[in-house]
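Below is one structure, written out as structure tokens, with a few remarks after it.
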Amino acid sequence: MDATVILPILKKKLAFLSGGKDRRSGLILTIPLCLEQTNMDELSVTLDYLLSIPSDKCKARGFTVIVDGRKSQWNVVKTVVLMLQNVVPAEVSLVCVVKPDEFWDKKVTHFCFWKEKDRLGFEVILVSANKLTRYIEPCQLTEDFGGSMTYDHMDWLNKRLAFEKFTKESTSLLDELALINSGSDKGNQQEKERSVDLNFLPSVDPETVLQTGHELLSELQQRRFNGSDGGVSWSPMDDELLAQPQVMKLLDSLREQYTRYQEVCRQRSKRTQLEEIQQKVMQVVNWLEGPGSEQLRTQWGIGDSIRASQALQQKHEEIESQHSEWFAVYVELNQQIAALLNAGDEEDLVELKALQQQLSDVCYRQASQLEFRQNLLQAALEFHGVAQDLSQQLDGLLGMLCVDVAPADGASIQQTLKLLEEKLKSVDLGQQGLREKGQSLLDQISNQASWAYGKDVSNENKENVDHIQGVMEDMQLRKQRCEDMVDVRRLKMLQMVQLFKCEEDASQAVEWLSELLDALLKTHIRLGDDSQETKVLLEKHRKFVDVAQSTYDYGRQLLQATVVLCQSLRCTSRSSGDTLPKLNRVWKQFTITSEERVTRLEMAVAFHSNAEKVLQECPDEPESINDMEQFDEIEAVGKSLLDRLTVPVVYPDGTEQYFGSPSDMASTAEHIREKIKLVCLKKQQLRQPEVCPTES
């Protein structure tokens, strides 16, 4: 009978085994009667359950039953005592009826239990609670009877329930583990045939049952009671002492079966893991060699533009993403296989290594194909990027060449020419980069073998190669056309630079000629103090005129060159209607001024030569003395020279210019007058005295 079945009855505490013993070491069975009517059937059930707990050895020593009738009626006590005869007559050796003080005296006389000893089979005595110590030691009595033993009925009941639960669960678990373990020992073939039956699990967790058993055993072995002196004493109940070996035996059996069960589970887990690994390996291999390879077979193009290559790259990334999931499974499987290889049995090593090798070969081959495809698309993207940049550079250069150059000045033309050369150089670098990228891409395509995608890709490769070579040839033709146009533009711009240079130099020649004219008028004013100096001045003047003539001729040549360049460039020269008239006007003014300067110098040479001749002649030469006409001529030349000094140079446009300042002219005229005076004086010395014309 299980306690759980009669748990409500047991909770009523109609009877209990406190663990106390009489002087014969017999167990003490206590029946505490109460004021309410005791249900004899429930009491009988309780006694049956309690008496089933002790061992036969304990039962052989007999029981001492304490019937506590202090709160009950005599007829109930008598009924209980008589019932003991039917329930446990052989086990009961003494029944102690605890009577109330002076309550049953008269009634006892009507029923003497001692007279019924032979019929009852046990001795019955009436005793007061304080007299129980005559029969039972105080330490074996509970506190209700003045003893020192502590008894907690609910604690005992809970332990009993735990013991029975553990016994039931452990027994059932042992049967299940024995069935599982015995089934695993019947050979691999039979096990495979009964794999479905052997894969069931125990109904309860063995770890939990073992933990419960150890806790129960610890409680049974370490039950504490508080002694009367306040100390702690150890007094395990007899049923607890009896339960300990049962629990220990069950625990030993459980550990043994559980150890075997763990080994069975380990072997089963290893076999299951190996089967799962085989299944997953085949899933990875089948996908990589099937759908994975088929995805790569359909992807062979490189695109014809950046956008197309980027779209192919995005598609390839999606393919890589799908492969990454399977590669992650490969890594996990490889780790699992490595762990099994390190701790596996020799019989599994060959199979595991074969699986590992097969998986690695397929994954590495597929990974290399993905990497090759990614590198090819990246190279194609770079090639199209360089081609697009070069195309934009050629478009920019062509746009620059299509815009006509507006002649502004030589510096801007030089700057434009420099920019043109820089753009051409950039195009050269872009073309070189395109050739390098294209050749690299062609090399990768040529290295692509049929195993890369599992089929012959020569036709697809030919399309890619034709496209790459077509792009490179097209860019080369466009570049050649631009270079031809650049040559024409460069020649035109150089002619423009030369035109602007000729115009600038022609303007500079006009400025130089103007400066020479200005110098002639302002600084070339002296006529010399004697004939020798005047001749020197005349010679210098001729050289000065030669310089001016060279400047004029240089300007004329430059202007003629501008006319030719303008005709070549089909443009009008800014200097053709401005610089040439200015040059001719300045040259005309310089020529008139130079001629006037030559005239004055020649007159000065004649004046000084004749004056010096007459002034140096000796008075003893009668021929000279009689030639008075010479003196008159000298005076006339001198006067004519003085008059010319006061006359300005008149240009064709009506403007007038004087040589030097008035003070300069006055100084020169004064010197000539002094020379004329000397001539007059000489003339007077040679002839009769007469008035000198200069004095008049």
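The values are calculated or read from the model by the stated rules, or taken from the named source; none is laboratory data. A quick note: this is a predicted structure, and the numbers were derived from the prediction, not measured. Cβ coordinates were reconstructed from backbone atoms using ideal geometry, including for glycine residues, and neighbour counts include every protein chain displayed. Surface accessibility is based on the protein's heavy atoms, side chains included, excluding ligands, DNA and RNA. Shrake-Rupley method; radii C 1.70, N 1.55, O 1.52, S 1.80 Å.
Data table
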item	result
Two-site FRET efficiency, Arg481 against Ile592, from Cβ-Cβ distance with R₀ of 56 Å, rounded to 0.05	0.45
Length gained when the stretch Arg556-Lys249 is fully extended (0.36 nm per residue, less Cα-Cα span)	96.8 nm
Whole-percent carbon and sulfur share, accessible surface of the range 322-426, 1.4 Å	53 percent
Label-point separation in nm, Asp578 to Asn158, each point 7 Å along Cα→Cβ	12.2 nm
Computed FRET value (nearest 0.05) for Thr298 with Glu436, which takes r as the C-beta separation and R₀ as 25 Å	0.25
All lysines inside 23 Å of Lys131 as judged from Cα atoms, apart from same-chain residues fewer than 8 positions distant	Lys21, Lys71, Lys78, Lys99, Lys106, Lys107, Lys115, Lys117
Of Lys522/Lys677; Lys418/Lys582; Lys13/Lys165; Lys522/Lys543, pairs whose Cα-Cα distance is over 24 Å	Lys522/Lys677; Lys418/Lys582
Extension gain from Ala367 to Glu275, taking 0.36 nm per residue of separation minus the Cα-Cα distance	30.5 nm
Label-point separation, Arg490 to Glu473 (7 Å along Cα→Cβ), nm	2.7 nm
Two-site label geometry, Val331 and Thr259: point separation in nm, points 7 Å out along Cα→Cβ	4.1 nm
Accessible area in square angstrom per residue, the range 294-333, 1.4 angstrom probe	56 Å²
Cross-link reach list, lysines versus Lys315, counting only Cα pairs under 26 Å and skipping chain neighbours closer than eight places	Lys437, Lys455, Lys462
Proximal lysines to Lys280, defined as alpha-carbon separation beneath 23 angstrom and excluding residues fewer than eight positions away on the same chain	Lys192, Lys270, Lys353
Per-peptide average of other Cβ atoms within 10 Å, ordering 386-396, 263-273 highest first	386-396, 263-273
The range 644-658 residues near the modelled Arg673 label - backbone nitrogen below 14 Å, point 7 Å along Cα→Cβ	645-646
Extension gain, Lys168 back to Val536 (0.36 nm per residue minus Cα-Cα distance, nm)	117.0 nm
Relative packing of peptides 318-327, 552-561, 434-443 - highest average C-beta neighbours within 10 Å first	552-561, 434-443, 318-327
Computed E for Arg268/Ser182 - FRET, C-beta separation, R0 22 angstrom, nearest 0.05	0.95
